[in-house]
Amino acid sequence: MKDINPNFFYAVKLDEECKFRSAVWVDARCRASYKYYGDVVSVDSTYSTNRHGLSFASFIGVNYRGKSTLLGCALLGNEKIPSYELVFSKWVKCMGTAPPQIITDQCRFIFHAIRNVLPDTRHRWCIWHTMKKLPHKFGGYRRYRELYDDLNDIVWNSRTVESFEDNWSEFIVEYNLHNNT
């Protein structure tokens with residue numbers, strides 16, 4: 001690819017025995033898109049491993065039409081902090097600058113890697129992953145359904161920080177969640 005397109009970037013990590021450990025690659029279109037749509041980057045590493053035991057991660061931005069745009073890809077030999085640190089550092093090296101904000105699932109290894117490699121980047125958890133975890137937290141279908149519907153409304157329909165904060169406070173009181181971690 002590098003011969004075909006000089007703007008293609010890749011970095012491969014091998015271990016001491018020259019076995020594949022991880023790789024990052026970014027084509028010219030991804031690099032160009034990052035300049036315009038790199039203010040918030042979503043990193044999704046929830047793809048299952050392939051037959052070689054490698055996890056796939058994608059770097060995604062949102063274009064001016066509200067559509068996802070690819071900003072890079074990676075294969076990880078494992079999902080530990082050093083693997084993510086390598087992927088983030090190589091991806092940022094390619095792009096030339098770290099994103100101001102990054103969204104990920106709640107993986108603690110990603111969290112630590114971002115904190116170590118991208119200290120000035122604002123890290124947020126993906127709301128979809130957060131909301132998906134709720135069914136396992138509350139007992140009783142009727143209570144859960146009401147609670148979930150109200151919470152869903154607050155999360156997705158609050159138009160301002162103030163309205164979210166007001167609705168959140170009312171929600172905590174209504175469901176008596178003051179001491180619920």
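Please give the Cα centre distance for segment 1-60 versus segment 74-113, rounded to the nearest Å.
What the calculation gives is 10 Å, centre to centre.
Taking the chain as a Gaussian network, where each spring joins two C-alpha atoms under 10 Å apart, which residue of 169, 42, 22 fluctuates the most?
Judging by the Gaussian network model, the answer is 169.
Subtracting the Cα-Cα distance from 0.36 nm times the residue separation, let me have the gained length for residue 115 to residue 14 in nm, one decimal.
34.0 nm
Give the angle, between 0 and 90 degrees and rounded to the nearest 10, that separates the Cα long axis of helix 161-174 from the longest principal axis of the Cα atoms of the chain.
50 degrees
Which is the longest stretch in the chain that no exposed loop site breaks, taking sites as chymotrypsin sites (Phe, Trp or Tyr not before Pro) with a DSSP loop state and at most 12 other Cβ atoms within 10 Å?
Counting only loop sites that pass the neighbour cut-off, the longest clear stretch is 65-181.
What's the longest piece of the chain with no exposed trypsin sites (Lys or Arg not before Pro), counting a site as exposed if DSSP puts it in a loop and it has at most 16 other beta carbons within 10 Å?
Answer from the scan: 81-132.
Just one of (1) 23.6, 73; (2) 20.5, 70; (3) 19.6, 62 is Rg and Dmax of the Cα atoms in Å as worked out from the coordinates here. Which one is it?
Only one listed value fits the structure, namely (3).
Tell me the angle of helix 141-157 to the major Cα principal axis of the chain, expressed in degrees between 0 and 90 and rounded to the nearest ten.
That helix lies at roughly 60 degrees to the long axis.
May I ask you to evaluate 6.51 cos²θ - 1.76 cosθ + 1.60, the Karplus curve with θ = phi - 60°, for each residue of segment 117-130 and list the ³J(HN,Hα) values in order in whole Hz, giving x for glycine and proline?
Using θ = phi - 60°, the values come out as 9, 10, x, 9, 8, 7, 9, 10, 8, 5, 5, 4, 5, 5 Hz.
Quote to one decimal, in nm, the extra length available between residue 180 and residue 125 on full extension: 0.36 nm per residue of separation minus the C-alpha distance between them.
17.8 nm
Ignoring the sites themselves, what is the longest stretch of the chain with no GluC sites (Glu not before Pro) in a DSSP loop and at most 12 other beta-carbon atoms within 10 Å?
18-181
Taking Cα atoms, how many degrees apart are the long axis of helix 28-37 and the longest axis of the chain, rounded to 10 and kept between 0 and 90?
Helix 28-37 sits roughly 30 degrees off the main axis of the chain.
Relative contact order for segment 9-125: what percent, with Cα pairs under 8 Å and sequence separation of 6 or more?
Relative contact order comes out at 25 percent.
Where a number appears in this text, it was derived from the coordinates with a stated rule and is not lab data. Owing to the predicted nature of the structure, the values given are computational and were not obtained by experimental measurement. Neighbour counts are summed over all protein chains in view; Cβ atoms, including those assigned to glycine, are modelled from backbone coordinates with ideal geometry.
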